[in-house]
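Let me begin by presenting the structure, written as structure tokens, before commenting on it.
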Amino acid sequence: MTDVLSAAPVREALADFAETMTETLDSLLPVSDGPEGRLYEAMRYSALGTGKFIRPYLVKTSGRMFEVSETSCLRAGAAVELIHTYSLIHDDLPAMDDDDMRRGRRSCHIAYDEATAILAGDALLTLAFEVLADETTHPDAGVRSALVTMLAARAGGAGMVGGQMIDLVSEHVDVDAALIARLETMKTGALISYSAAAGAVLGKAGDEAANTLETFGFELGLAFQITDDLLDVEGDEDDVGKKVGKDAEAGKATFVSALGVDGARREARRLTDRALSRLYVFGEQADELRAVAEFVLARKN
Ligand code: GRG
């Protein structure tokens, strides 16, 4: 049985998984000697960086609960990682968070230029759906269609992009904890929710299992975002791979600004426990998922 109380095994497993995921992304990302080659280079520069790959790892972990093939898990995981990468590229642009560093190296618009970074984000977003819709992802067209619908909903205006809008309009404004929870659930929880539920969809485990994992993912995603907010206050720049202290500087509404450091840490623990409580229906089958949840809470980058 997995050591459910420790995040350490997940840290090791993620390091191994990063190699496999990088190979998968490498095989999916285009290359060209033609005039569009600069775009492809920028996509590769950002997607093949040093991300943790926590979202595709969640897809793989939930997929294993329902005996989903490795290929299906890797492709459904690659799709969410491509969208996550696009969001980071666009988030780093001067019009948004204006960050020069990402994952320990120059942001895409610094390494290339703003126009190329915008296009690289756009092309990564569309590639994600091309990957999901391909029959290599799953032989059943109904399953592929369900995944496309779920990822589109989580990534779009009612999910990540909508959360980013609320984030931007909340800068330097007094907002309550309920709105912060809403924006962070949308901005970060939505893609993590897709990742946790994708295994159930691929394994045709039924609506109840998929809905339970979606709820687990939303709650875990909010805890993940709170740890991100805490790392912005307490984290080490080298570990985090980008400038810290930016949230307070930008007047961002976060759980740390609303509840203080200790309050935010307690809230992350509470949300993780609530997410974990959803998993009882799966018994020991969900032990690896429980370990991922503990890793999310304990992470240092
Ligand atoms: C620009 C459409 C658009 C959306 C931006 C994702 C996002 C919304 C902004 C990025 C900044 C941020 C703090 C997002 C919250 C999600 C988050 C914690 C991202 C970092 O995810 P990790 O830690 O990063 O998984 P790695 O580098 O490991 O992949």
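Only the coordinates and a few stated rules stand behind these numbers; no lab work does. From a predicted model like this one, the values you see are computed outputs, not experimental measurements. Counting neighbours? That spans all protein chains shown, and the Cβs are built from the backbone with ideal geometry, glycine included.
Express the relative contact order of the chain as a whole percentage, based on alpha carbon pairs under 8 Å and six or more residues apart in sequence.
22
Report the label-to-label distance for E67 and D26 in nanometres (one decimal), using points 7 Å from each Cα along the Cα→Cβ vector.
Here the answer is 3.3 nm between the modelled labels.
Can you tell me which of 75-85, 46-56 comes out highest on packing, and rank the rest after it, using the mean Cβ neighbours within 10 Å?
Averaged packing, sorted descending, gives the order 75-85, 46-56.
Which of the lysines could a cross-linker bridge to K243, judged by Cα under 23 Å and excluding same-chain residues fewer than eight apart?
List returned: K52, K187, K252, K300.
So if R0 is 35 Å, what FRET efficiency would L48 and D207 give, r being the distance between their Cβ atoms, rounded to the nearest 0.05?
0.50
Compute the distance in nm between two label points, each set 7 Å from the Cα along the Cα-to-Cβ direction, one at T149 and one at L179.
Each label point lies 7 Å from its Cα, and together they span 3.3 nm.
Using 0.36 nm per residue, how much length does the chain from D122 to V261 gain when fully extended, once their Cα-Cα distance is taken away?
46.5 nm
Quick query: amide H of R106 versus all other amide H atoms, modeled in the peptide plane; which residues come in under 5 Å with a sequence gap of 5 or more or a different chain?
none
Select from I180, V31, M65 the residue farthest towards the positive end of the dipole of the chain; place +1 on Cβ of Lys and Arg, -1 on Cβ of Asp and Glu, and compute about the Cα centre.
Of the candidates, M65 comes out farthest on the positive side.
Please give the Cα centre distance for the range 100-154 versus the range 204-266, rounded to the nearest Å.
Answer, in whole Å: 22.
Give the relative contact order (percent, whole number) for the range 128-240; include only Cα pairs under 8 Å separated by 6+ residues.
22
PRE reach from L168 (point 7 Å along Cα→Cβ): which of the range 112-141 fall under 18 Å by backbone N?
114-123, 125
With +1 on each Lys and Arg Cβ and -1 on each Asp and Glu Cβ, how big is the dipole of the chain about its Cα centre, in debye rounded to the nearest 20?
Rounded to the nearest 20 debye, it is 500 debye.
Is the C-alpha gyration tensor of the range 105-163 telling us rounded, prolate or oblate? Criteria: a/c under 1.5 is rounded; beyond that, a/b larger than b/c is prolate, otherwise oblate.
It comes out oblate by the Cα gyration axes.
Per residue of the range 107-123, in order, report the coupling 6.51 cos²θ - 1.76 cosθ + 1.60 (Karplus, θ = phi - 60°) as ³J(HN,Hα) in whole Hz, putting x for Gly and Pro.
Coupling constants for the range 107-123: 4, 4, 6, 7, 5, 10, 7, 4, 4, 5, 5, 4, 5, 4, x, 4, 6 Hz.
Residue by residue through the range 84-89, what is 3J(HN,Hα) from phi via Karplus (6.51 cos²θ - 1.76 cosθ + 1.60, θ = phi - 60°)? Round to whole Hz and write x for glycine and proline.
Going residue by residue, I get 4, 5, 4, 5, 5, 4 Hz, with x marking Gly and Pro.
Going by average Cβ density within 10 Å per residue, which order do the peptides 272-279, 109-116, 292-299 take, highest to lowest?
Packing proxy ranking, top to bottom: 292-299, 272-279, 109-116.
Relative contact order for the range 211-257: what is it in percent, counting Cα pairs under 8 Å that are at least 6 residues apart?
33
Grab the DSSP H runs of the chain that are 4 residues or longer, score each as -39,500 (n - 2.57), total them, divide by all residues and round the 222 nm result to the nearest 500 deg cm²/dmol.
That calculation yields -22000 deg cm²/dmol at 222 nm.
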